[in-house]
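The values are calculated or read from the model by the stated rules, or taken from the named source; none is laboratory data. These numbers were taken from a predicted model, which means no experiment stands behind them. Cβ placement follows ideal geometry from the backbone for every residue including glycine, while neighbour counts extend to all protein chains displayed.
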Amino acid sequence: MIQRCTRFGNCKLVQSFRAGSSSSPSSSSKIGDYHRFASQASSSLQQVLEPSTYSDDENPGVDWDNLGFYMMRTDYMYMTKCTKGECFEQGQLSRYGNIELSPAAGVLNYGQGLFEGTKAYRSEDGRLLLFRPEQNAIRMKMGAERMCMPSPSIDQFVDAVKQTAIANKRWIPPAGKGSLYLRPLLMGSGQILGLGAAPEYIFLIYVSPVGNYFKEGFAPLNLYVEEEFDRASRGGTGGVKSVTNYAPGLKPLTRAKSRGFSDVLYLDSVNKKFIEEVSSCNIFILKGNVIASPAANGTILEGVTRKSIIDIARENGYQVEERVITIDELIDADEVFCTGTAVGVAPVGSVTYKGQRIEFKTGPHTVSQELYTTLEGIKRGLIKDNKGWIVEID
């Protein structure tokens, strides 16, 4: 099943926006209010977007064949705001640029913020496709509850992703050359001096065309098992995509990369013997016909790609388990691979633990390659989507 909207369907009125400026209140944040936005359709986007010196269909001059994973300035971003205890206003698109924040903003002082990541793809026949954006919306709502923040409704989130992707459509790489990465952010923008929830919040989305996340490209990853530092602890925020989860991982990641490793694999903070996740993605192991991944029990982020791979693997006849996995089980695995929005499905060639390097099967005819091919085929419109995962926006 493919959900469709017209080229500019479901697009809200587009205006110039500056953080802190006023805008009229709207009831369009309610779930299911898409028809309100659809009536503003093509003319809104054509008439109200700031004048541009280029055509929306003009190639932006990107070397699509050498696209990496780094920030590239694009055309438009989406933004909306709300005060504590209220709903988010109708969002607006504006030219990509800086936003204003008070030095006392909750996100700057206490890290009250969340982010998401999803992608838009261009199919071989030119269609623009999103992959399960509603799952990102659901995860943001769960994270917002944990971080004492309001959040956009699921429909408003998905509609905002659609708007932003369409407005930046010229930055979506040609089929097979990469994707447009969309980064939704939710942050406490209001001033707060004492510890507490901010009085005002901003929800925004910006984008960048991207290629492979790892510099190795499609080459197998080499992971280092981190024993000194923890990623998350029980009762913490490891299970939500809080901005506070990531900066503490920079030191072990930088150290691992300086030693030639691709990324860091963390162990549980209590026993130091159960694998949890890599700093930027989830992890799976394969033994025989059984695929296992650490259970999302509060310390592990429940990735959208992880969830999708579990469903695909089961349909392909594999036994899939979500449970506690010891480091010894990983060492004894036939295959190891990582999953995430940024990384896709990435095979692991080796894991180094206590000075010992353990190697795993990679390359053609592996299970990870099979799962990767199926997932990417669905995302890019090459394989029929029977699950309703794909949202077609153009």
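For this structure, a couple of remarks:
- No other residue among LEU93, LEU101 is part of a loop (DSSP other than H, G, I, E, B), out of contact with any Pro (no Cβ under 8 Å at 6 or more places or on another chain) and modelled with pLDDT of 95 or more apart from LEU101.
- All of GLN112, GLN163 fail the test of being over 26 Å from ALA247 (Cα atoms), buried (at least 21 other Cβ atoms within 10 Å of the Cβ), in contact with a Cys (Cβ under 9 Å, 6 or more places away or on another chain) and touching a residue at least 60 places away in the same chain (Cβ under 8 Å), apart from GLN163.
- The set of residues in the range 115-159 being among the aliphatic types (A, V, I, L, M), in contact (Cβ under 8 Å) with a residue 40 or more places away in the chain and closer than 24 Å to LEU375 by Cα consists of ALA120, LEU128, LEU129, LEU130, MET140, ILE154, VAL158.
- Residue under evaluation THR83, criteria (1) of a type in the set (S, T, N, Q); (2) under 25 Å from SER208 (Cβ atoms); (3) at pLDDT 50 or above, criterion not met: (2)
- From the list VAL351, VAL343, the one residue that fits, being in contact (Cβ under 8 Å) with a residue 60 or more places away in the chain, buried (at least 21 other Cβ atoms within 10 Å of the Cβ) and over 21 Å from ALA296 (Cα atoms), is VAL351.
- Looking only at the range 182-198, and only at residues there that are surrounded by fewer than 21 Cβ atoms within 10 Å (Cβ to Cβ) and not aliphatic (A, V, I, L, M), the one that is nearest to THR118 (Cα to Cα): ARG183
- Residue that is farthest from the chain's Cα centre (by Cα) [pool: residues in the range 104-143 that are under 14 Å from ILE166 (Cα atoms) and part of a loop (DSSP other than H, G, I, E, B)]: GLY126
- Of all the numbered requirements in (1) touching a residue at least 60 places away in the same chain (Cβ under 8 Å); (2) touching a strand residue (DSSP E or B) at 6+ places or on another chain (Cβ under 7 Å); (3) among the aliphatic types (A, V, I, L, M); (4) closer than 19 Å to VAL348 by Cα, ALA256 misses one, and that requirement is (1).
- Residue match in the range 259-267 (condition: under 26 Å from TYR110 (Cα atoms), in the same structural domain as VAL225 (by TED's automatic domain parsing) and basic (Lys, Arg)): no
- Restricting the range 64-90 to residues that are in a loop (DSSP other than H, G, I, E, B) and in contact with a helix residue (DSSP H, G or I) (Cβ under 8 Å, 6 or more places away or on another chain) leaves a set whose member that is surrounded by the most Cβ atoms within 10 Å (Cβ to Cβ) is PHE88.
- Every residue from the range 354-394 that is of a type in the set (Ser, Thr, Tyr) and either touching a Cys at 6+ places or on another chain (Cβ under 7 Å) or surrounded by fewer than 15 Cβ atoms within 10 Å (Cβ to Cβ) (or both): THR373
- Filter result for the condition that a residue is surrounded by fewer than 24 Cβ atoms within 10 Å (Cβ to Cβ) and at pLDDT 95 or above, over TYR201, TYR206, TYR213: TYR206
- Residue that is among the β-branched types (Val, Ile, Thr) and either in the same structural domain as PRO133 (by TED's automatic domain parsing) or farther than 30 Å from LEU114 by Cβ (or both), where the choices are THR305, THR341, THR352, THR299: THR352
- Within the range 303-319, residues that are under 26 Å from GLY238 (Cα atoms) have Cβ atoms under 6 Å from residues that are modelled with pLDDT of 95 or more and among the small types (Gly, Ala, Ser) in these pairs: GLY303/GLY340; THR305/GLY340, counting only partners at least 6 apart in sequence or on another chain.
- Count of residues meeting criterion [part of a helix (DSSP H, G or I) and under 23 Å from VAL107 (Cα atoms)] in the range 144-163: 8
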